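The values are calculated or read from the model by the stated rules, or taken from the named source; none is laboratory data. Being a predicted model, the structure only gives us computed values, none of them experimental. Virtual Cβ from ideal backbone geometry, glycine too; neighbours counted across all protein chains shown. For accessibility, only protein heavy atoms count, side chains too; no ligands or nucleic acids. Shrake-Rupley method; radii C 1.70, N 1.55, O 1.52, S 1.80 Å.
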Amino acid sequence: GQTPVHGEFFANGLDLDALARLAGHLPFPASVRKQLVDAAPHGKVFDLTSTWNGAVNANGIPANYSLKARFERLGMHARGALPGFSGISGSIDGNQQGGALQLASRDATLELPQVFAEPQVELAVLKAQTQWKTRGEKATITIEQLAFENHDAAGTVSGHYVGGGEGPGEIDLSAHLTRGNGSAVWRYIPLAVGKNVRDWLQESILGGVSNDTKLRLKGDLRNFPFDDGSGIFEVKGHFHGATLRYVSSWPQISNIVGELEFVGKRMLIKASNGSIYGATLSEVSAEIANLAADDNILLVTGKAAGPTADFLRFIETSPVGVAVDHFTEDMTAVGNGLMDLKLVLPLQHLADTKIEGGYQLAGNRLKI
């Protein structure tokens, strides 16, 4: 009748998977039972104290509730904007006005299908202290301290997020990676960035380690990546030991020491040192000015110094060799030289690549 939903639940030990299977036989509203089926919660809960009363909203949450518990290896499926997770351990203490969540997890997994192309992020270590406050339909989540570690990276995160209204919400987040694997960069590029860019990063950045990478993300996520100046999206890091295969048909750059930057829609890789065959590179950059463009243009520029014989090899093993009908194939050279190179590479139409370069010979002996 007119009696609002209300109840109390206490348990010193609870198996959520068993509860979900029994949901159809418990006095829950139909909306709550559906939420349990969709979320498929699992894991163990201990020292649980829960009360609820009042009307249930569209998300199956009653107007008033309280919840306090410890949990081990907790998990559920991703639903809509809510991420999925598994292997999460910690404690929670809160109500409809706010609360606190502490995590101390090992071998956990986050499922973020609306954020990353590869939605599952495995975490060997996940520790966090967070709080949340609710006001009306909006909730503010504050990350006081979060530390994570997996095969790809290790670091810390702090900041806050406001969501629950229209749109994806507002965020103010800072992160610092103390260890990062260059080959994994593409996995953590959001879906808002085009697939072509993620594919290029996956195929082009090989190896490399970063011990100092910083992320700054601030603003209304509807405007991400904030090229209108309304917010901040920056990822900046130093790396070493990387190989850049900017296009598969061109000789790759090895032993790179440099920097990787994402600022707004722009991606820039700068190499202070590197090598192609026996030539030493300097002032090398690989830039995509607009990551959100339908046709991404990669601009590669650089200078190189080294044996002329290695530059002849570079010509022969690159598309330039075909372009000049292998004119340099049988040339031999003794001596060194300097090269300037500029490549304009449409990633969707590599046949339209534009090449501009010059080579300066200094005291060489050249046999044609």
Among the residues of region 235-250, which ones are of a type in the set (D, E, K, R) and modelled with pLDDT under 90?
245
Take region 305-334 and flag every residue that is among the acidic types (Asp, Glu) and either within 28 Å of residue 352 (Cβ to Cβ) or buried (at least 18 other Cβ atoms within 10 Å of the Cβ) (or both).
310, 316, 325, 329
If you go through region 322-346, how many residues are closer than 18 Å to residue 253 by Cα and either touching a residue at least 60 places away in the same chain (Cβ under 8 Å) or not in a strand (DSSP E or B) (or both)?
3
Please verify whether residue 86 is touching a residue at least 40 places away in the same chain (Cβ under 8 Å) and open to solvent by less than 60 Å² (accessible area, probe 1.4 Å), treating the condition exactly as stated.
yes
Based on what the data block shows, is residue 197 at pLDDT below 85, buried (at least 16 other Cβ atoms within 10 Å of the Cβ) and not hydroxyl-bearing (Ser, Thr, Tyr)?
yes
Among the residues that make up region 14-27, is at least one of them assigned to a strand (DSSP E or B) and surrounded by fewer than 16 Cβ atoms within 10 Å (Cβ to Cβ)?
yes
Can you tell me which residue is nearest to residue 90 (Cα to Cα) among those in region 51-77 that are in contact with an Asp or Glu (Cβ under 7 Å, 6 or more places away or on another chain) and open to solvent by less than 60 Å² (accessible area, probe 1.4 Å)?
69
Any residue in region 203-217 that is more than 17 Å from residue 174 (Cα to Cα) sitting within a Cβ distance under 6 Å of a residue that is β-branched (Val, Ile, Thr) and surrounded by fewer than 21 Cβ atoms within 10 Å (Cβ to Cβ)? List the pairs, counting only those 6 or more apart or interchain.
206/243; 207/243
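Conditions tested, residue by residue: (1) at negative phi; (2) modelled with pLDDT of 85 or more; (3) in contact with a Ser or Thr (Cβ under 7 Å, 6 or more places away or on another chain).
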site: 145; (1), (2), (3): yes, yes, yes
site: 173; (1), (2), (3): yes, yes, no
site: 188; (1), (2), (3): yes, no, no
site: 210; (1), (2), (3): yes, yes, no
site: 225; (1), (2), (3): yes, no, no
Of 97, 129, the only residue that is open to solvent by 40 Å² or more (accessible area, probe 1.4 Å) and either without any contact (Cβ under 8 Å) to a residue 24 or more places away in the chain or within 25 Å of residue 167 (Cα to Cα) (or both) is 97
Only one of (1) over 30 Å from residue 5 (Cα atoms); (2) modelled with pLDDT under 90; (3) open to solvent by less than 40 Å² (accessible area, probe 1.4 Å); (4) of a type in the set (A, V, I, L, M) is not met by residue 123, so which one is it?
(2)
Scanning region 349-368 residue by residue, those over 15 Å from residue 246 (Cβ atoms) and either in contact (Cβ under 8 Å) with a residue 60 or more places away in the chain or in contact with a Phe, Trp or Tyr (Cβ under 7 Å, 6 or more places away or on another chain) (or both) turn out to be 359
Residue pairs within 7 Å by beta carbon, gap of at least six or interchain, first lying in region 181-198 and among the basic types (Lys, Arg), second assigned to a loop (DSSP other than H, G, I, E, B) and modelled with pLDDT of 80 or more, listed first then second, are 187/118; 187/152; 198/117; 198/189
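Each row is one residue, and each column tells you yes or no for (1) without any contact (Cβ under 8 Å) to a residue 12 or more places away in the chain; (2) under 21 Å from residue 100 (Cβ atoms); (3) among the aromatic types (Phe, Trp, Tyr).
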{"residue": "13", "(1), (2), (3)": "no, no, no"}
{"residue": "19", "(1), (2), (3)": "no, no, no"}
{"residue": "23", "(1), (2), (3)": "no, no, no"}
{"residue": "32", "(1), (2), (3)": "no, no, no"}
{"residue": "53", "(1), (2), (3)": "no, no, no"}
{"residue": "57", "(1), (2), (3)": "yes, no, no"}
{"residue": "74", "(1), (2), (3)": "no, yes, no"}
Kindly establish whether residue 110 is assigned to a strand (DSSP E or B) and either of a type in the set (A, V, I, L, M) or open to solvent by 60 Å² or more (accessible area, probe 1.4 Å) (or both).
yes
Taking the options 91, 105, name whichever one is in contact with a Ser or Thr (Cβ under 8 Å, 6 or more places away or on another chain), closer than 23 Å to residue 161 by Cβ and surrounded by 15 or more Cβ atoms within 10 Å (Cβ to Cβ).
105
